[in-house]
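FYI, it's all coordinate maths here, none of it is from the lab. Since this is a predicted model, take the numbers as computed values, not measurements. Here Cβ is always computed from backbone atoms with ideal geometry, including for glycine, and neighbour counts include all displayed protein chains.
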Amino acid sequence: MRDLDASRHLLRLAGGRELTYDKLLLATGSVPNRFEWPGLSDVKEGAVHFVSLQHLAECERLTPTTKQAVVVGGGLIGVELVECLVHHGVEVDFLVRESWYWPMALAREEGEIIAGHIRAHGVHLHLEHEVSAVTAAPNGRIAGIRTNHGLDLPCQMLGICIGVRPATDWLKEVATPPAIGRGIRITPSFQTPLPDVYAAGDCAEFTRPDGSPQVEQIWYAAKRQGEQAARAMLGDAVEYRPPLFYNSAKFFEIEYTTVGDVTRLPDDARSFFHRLPGPHASIRLIERNGAVIGFNMLGSRWDHTFFERWIAERRSMADVMPQLHLAQFDVEFGRAHLDSARVAFAEYQRRNGLQAA
Ligand SMILES: Cc1cc2nc3c(=O)[nH]c(=O)nc-3n(C[C@H](O)[C@H](O)[C@H](O)COP(=O)(O)OP(=O)(O)OC[C@H]3O[C@@H](n4cnc5c(N)ncnc54)[C@H](O)[C@@H]3O)c2cc1C
């Protein structure tokens with residue numbers, strides 16, 4: 001899309017074609033963040049992102065001529081690009097700025113399990129490393145990078161996976177721009193201030209009750225918002241409230257399920273973490289004021305609806321632990337053996353002077 005004139009209910013596409021609408025939903029998703037490291041502007045080929053289908057096509061085009069790659073950014077998108085490159089036999093250096101993998105979502109213990117698994121796949125994982133400079137070959141292809149610790153890494157591909165931001169740049173130049181903060185500002189019924197113009201998904205920004213902006217850049221939220229925005233556009237009364245945080249993903253072979261609050265916890269929250277038998281499995285339950293508020297599970301599949309219900313019912317950890325097996329629903333991906341967790345939890349209760357259930 002090139003232009004939006006909400007006063008005339010008119011959209012103009014990049015090729016010049018005009019479309020009219022009764023109601024319009026803006027759902028333009030995210031674009032990757034980019035950082036202009038010294039030397040990057042000299043690179044004409046080989047500095048890639050991994051967000052859109054076009055980015056994937058570019059990665060696939062370059063992979064056959066890539067022996068060594070550097071991927072920067074220790075989150076989900078970075079690890080997925082690393083996994084693809086490893087699959088194609090590329091030697092990968094993976095730079096993570098923080099002191100463990102993905103602290104935004106994982107505590108140190110889980111981050112270390114994932115880091116070990118990434119390394120076991122032959123990836124050179126460099127924690128607390130960032131790019132400080134980039135070098136281009138005379139033909140414009142990336143030739144290497146230097147890290148903030150002076151490490152020189154030759155590469156023919158640099159994967160820049162340092163987060164995403166709402167795709168709103170194009171809206172700043174249109175005839176009738178909507179209100180834009182971090183994303184397109186919307187009400188709980190998905191409306192922008194423009195008549196009959198709605199927004200949802202990664203590009204949309206809600207306002208929390210305390211006035212702060214909230215952008216939900218995950219697939220589950222985008223799906224839910226899409227459904228509810230459609231209802232609002234059809235005239236239903238909709239009042240969207242961002243639900244309890246839930247996500248699931250995979251780090252190479254490691255299953256991952258998270259629900260509720262598991263990082264950046266208040267001081268009075270308690271955390272029970274246990275490594276289960278087997279190479280990559282662990283469980284973490286977080287409790288505050290006698291009620292579970294979060295679950296972070298690695299290494300097997302979990303049914304998040306149980307976790308959501310237990311959180312909503314304000315169950316205590318002691319109440320949840322004996323029932324935890326109920327939330328393991330997927331035999332195909334292997335159930336974790338929870339006996340050791342029960343023993344460890346009894347010990348945790350004893351150590352912390354908590355009553356047994
Ligand atoms: C590699 C990767 C891995 C991910 N893994 C997970 C995961 O494991 N779990 C999870 O919950 N989420 C994950 N996500 C995030 C998830 O994909 C997004 O939150 C979700 O796709 C957002 O949906 P959306 O409909 O808002 O936007 P998108 O799915 O991004 O769709 C937006 C569409 O709008 C198009 N568009 C943009 N600008 C314009 C314009 N001006 N005119 C016309 N069209 C335009 C784009 O080309 C795109 O097709 C991942 C994302 C990536 C990139």
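For T135, neighbours were defined as the other residues whose beta-carbon sits under 14 Å from its Cβ, and their charges (Lys and Arg +1, Asp and Glu -1) total 0.
Along segment 197-208 the Karplus relation, 6.51 cos²θ - 1.76 cosθ + 1.60 evaluated at θ = phi - 60°, assigns HN-Hα couplings of 10, 10, 9, 7, x, 4, 8, 9, 10, 8, 10, 5 Hz to successive residues, with x for each Gly and Pro.
Kirkwood Rh and Cα-based Rg: tell me the resulting Rg over Rh for the chain, rounded to two decimals. Could the numbers behind the result be given before it?
Values: Rg = 23.2 Å, Rh = 22.9 Å.
Radius of gyration relative to Kirkwood radius: 1.01.
How many times 2.2 N^0.38 Å is the alpha carbon radius of gyration of segment 215-357?
Numbers: Rg = 16.9 Å, N = 143, 2.2 N^0.38 = 14.5 Å.
So the Cα radius of gyration is 1.16 times the expected 2.2 N^0.38 Å.
Across segment 313-320, rounded Karplus estimates of 3J(HN,Hα) from the backbone phi angles (6.51 cos²θ - 1.76 cosθ + 1.60, θ = phi - 60°) give 7, 6, 5, 7, 4, 4, 7, 6 Hz, Gly and Pro being marked x.
Each Lys or Arg adds one and each Asp or Glu takes one away; over the other residues whose Cβ falls under 12 Å from the Cβ of H121, this sums to -2.
Taking the Cα centre of the chain as origin and charging only Cβ (+1 Lys, Arg; -1 Asp, Glu), how large is the dipole, in debye to the nearest 20?
Details: 37 positive and 44 negative charges, 53 e Å.
Roughly 260 debye for the chain.
If you count the DSSP beta bridges with both ends in the chain, what percent of them are antiparallel, to the nearest 5? Before the final figure, lay out each step's value.
Working: 46 of 67 bridges.
That works out to approximately 70 percent antiparallel.
In µm²/s, what is D for segment 178-243 at 4 °C and 1.567 mPa s, where D = kT/(6 pi eta Rh) by Stokes-Einstein and Rh is the Kirkwood radius from Cα pairs?
Details: Rh = 11.6 Å.
D, rounded to a whole number, is 111 µm²/s.
With +1 on the Cβ of every Lys and Arg and -1 on the Cβ of every Asp and Glu, and nothing else charged, how large is the dipole of segment 32-165 about its Cα centre, in debye rounded to the nearest 20?
Working: 10 positive and 16 negative charges, 62 e Å.
In total the dipole reaches around 300 debye.
Plainly put, segment 32-165 has a radius of gyration that is 0.94 times its Kirkwood radius, both from alpha-carbon atoms, as the Rg/Rh ratio. Only helical runs count toward this figure. For the chain, summing -39,500 (n - 2.57) over DSSP H runs of n ≥ 4 and dividing by all residues gives -6500 deg cm²/dmol at 222 nm. Put a dot 7 Å past the Cα of A249, heading toward its Cβ, do the same for R288, and the two dots end up 2.3 nm apart. The GNM of the chain, with springs linking C-alpha atoms under 10 angstrom apart, assigns the highest mean-square fluctuation among R314, R270, R12 to R12.
Work out how much length F35 to D267 would gain on full extension: take 0.36 nm times their residue separation and subtract the Cα-Cα distance, in nm to one decimal. Walk me through the numbers on the way to the answer.
Details: separation 232, 0.36 × 232 = 83.52 nm, distance 3.41 nm.
Taking F35 through D267 to full extension adds about 80.1 nm, to one decimal.
Using 0.36 nm per residue and subtracting the Cα-Cα separation, the extra length available between A237 and L13 on full extension is 77.5 nm. How charged is the neighbourhood of F50? Take every other residue with its Cβ under 12 Å from the Cβ of F50, and add Lys/Arg as +1 and Asp/Glu as -1. Net charge around F50: -4.
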